[in-house]
Each structure stands twice: as structure tokens, then as C-alpha cells.
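The values are calculated or read from the model by the stated rules, or taken from the named source; none is laboratory data. Remember, it's a predicted structure, so these values are computed and weren't measured experimentally. Virtual Cβ from ideal backbone geometry, glycine too; neighbours counted across all protein chains shown. The accessibility values were calculated without ligands, DNA or RNA, using every heavy atom of the protein model including side chains. Shrake-Rupley method; radii C 1.70, N 1.55, O 1.52, S 1.80 Å.
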Amino acid sequence: MINYIIYLGYLFSGINLLLYLKNYRKEEKAYKIVTLYLLVIAIIQFFTSLLKNNGIHNLFLSHFYFILQMVFLSFFYLEILEMKMQRRIVRTCLMTCLCVLGIQYLTDKELFFRFNLFEIFITSYLIIIYSMFHFYNLLNTEKRYYYINTGILVYLFGSTVLFLSGNLINTLQLESRNVVWLLNAILVVIYQLFIFIEWRKRSLKKNEDYE
């Protein structure tokens, strides 16, 4: 059951990547950043699945996932946030977070091979803040990237709670662990559906503009 939903999330992720790549050259910078984000996440998902299927420890890939997700989504919000103060906050938080995490891994190299609760919290929490910034801005402007922003907020809020229990998961009984991973897999599918809806809405709007 869990594997089916996980692979469904992979399938939706791949479909979204192909759809976003289709219009890549014609779109604005924010759209291109989302496309590159989807590409990087797809690559990480591929190697995560490959290592798992070959019985190789793959937990270290989670660090690339969380950090690169923060980087790409930070650049995405730098493009769509309109207030200078908000963009200044994003830049400052991004640089500070990368520096702190870099110091953390340099001082504790063993951390690379287990869940880093601080990394999970800070990288996700910052993006949630940026998402709320954008929702605030949308109160008085066109609903630009509304669906992607909604998907980011829903996914990160839910997955952060689940991943923060990462070091606890291994102490749970198998049935309880499966529930945690099932919920995360469902969140991924929901997230990808929001990303697809965003692409669909933009495509329909462009077709209407051409008519």
C-alpha cells in the first residue's frame, strides 16, 4: 500500500516535470525556478529509490533534499514576493541558514548519516514563513502562483511534523512506522496535485490570451 502511493507520488512528480519543461523557455524566471526544483527533487527521488531497492543506506540523501528544497524555494519566493522587506528577510535567512547548517556538519560529521531535526525544522519553517508572506500579499493582488503556494504550505506544514519524529520512527513498531510514511506519501501526492493545478491554470489562461 505504502509503496504504491510512494510510486504514485514519483509518477506525478515525473509528469509535472515534463509538463513544466514543455513551456520552460517561454516562461518567467519564477516558473523556471520551479521547473529546476522539480528536476532536482526528481533526481533525488530516483537515487533514493535506487539505493533503497539495492539495500544501501540512503538517509544521507535527505539532507540534500531539505537543503536544496530550501534553496530553490527561497529563490522562487525572491522572485514573486513584492515587498523589499520580505525579500530582504528571505536573503538574510537563506544565507544565515546555510552558514549555520554548514558549521553544524563540519563540527559533527556523523550527523550526515542520521536525521537532522534542526535542519528539517529550520529549512521547512522558513519556507512556511515565505509562503505566509505571499498569501498576505495576495490579499490585494492577482492570485499569482496561488496553487503552488498552497501546495507548499500544506505539504511542508504536514511533512515537517512527520519528519521531526524521524529519530523516533525507528523506535516505533513496524505498523506505527508504516502509518507515518503512508501519511507523508499522501502529502507528496497532494503537493504534486497542487503543482499540476498551477500548470493547468496557467496553460488555460495563456490559451485564453491567445484567442
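Between GLY151, GLY14, GLY102, the GNM of the chain built on Cα springs shorter than 10 angstrom shows GLY102 fluctuating the most.
Ranked by solvent-accessible area (1.4 Å probe, protein heavy atoms only, all chains present), the residues ARG202, ARG88, ARG114 order from largest to smallest as ARG88, ARG114, ARG202.
When the chain is treated as a Gaussian network with alpha carbon springs shorter than 10 Å, the biggest mean-square fluctuation among ILE152, ILE103, ILE197 belongs to ILE103. The HN-Hα couplings worked out from phi for region 101-115 by the Karplus form 6.51 cos²θ - 1.76 cosθ + 1.60 (θ = phi - 60°) are 5, x, 5, 4, 6, 5, 8, 9, 5, 5, 4, 5, 10, 8, 4 Hz, whole numbers, x standing for Gly and Pro. Ranking SER49, LEU78, PHE115 by Cα position along the charge dipole of region 1-206, where only Lys, Arg, Asp and Glu carry charges on their C-beta atoms, puts LEU78 farthest toward the positive end. With contacts taken as Cα pairs under 8 Å at a separation of at least 6 residues, the chain carries a relative contact order of 26 percent.
Once both labels are positioned 7 Å from their Cα atoms along Cα-to-Cβ, the gap between LEU8 and LEU50 label points is 2.7 nm. Nonpolar atom fraction for region 1-206, defined as the carbon and sulfur part of the 1.4 Å probe accessible area, stands at 69 percent.
Solvent-accessible surface of region 88-148, taken per residue with a 1.4 Å probe and all protein chains present: 59 Å².
Ellipsoid fit via the Cα gyration tensor, region 71-156: semi-axes of 28, 14, 8 Å, each the root of five times an eigenvalue, largest first. Given only helices, namely DSSP H runs of n ≥ 4 each adding -39500 (n - 2.57), what is the per-residue ellipticity at 222 nm of the chain, to the nearest 500 deg cm²/dmol? The per-residue figure over the chain is -28000 deg cm²/dmol. The alpha carbon radius of gyration of the chain, expressed as a multiple of 2.2 N^0.38 Å, is 1.05.
The orientation-averaged shadow of the Cα convex hull for region 37-92, equal to a quarter of the hull surface, comes to 4.1 nm².
The slack in the chain from LEU59 to ILE129, taken as 0.36 nm per residue of separation less the alpha-carbon distance, amounts to 22.6 nm. If r is the Cβ-Cβ distance from PHE121 to ILE15 and R0 is 41 Å, what FRET efficiency results, to the nearest 0.05? It comes to 0.85. Once the chain from ARG144 to LEU204 is taken as fully extended at 0.36 nm per residue, the excess over their C-alpha distance is 20.2 nm.
An ellipsoid equivalent to region 1-114, defined through the eigenvalues of its Cα gyration tensor, has semi-axes of 27, 24, 9 Å when rounded to whole angstrom and sorted largest first. Simple spin-label estimate for PHE112 and LEU182 gives 3.6 nm between the two label positions (7 Å along the Cα-to-Cβ direction from each Cα).
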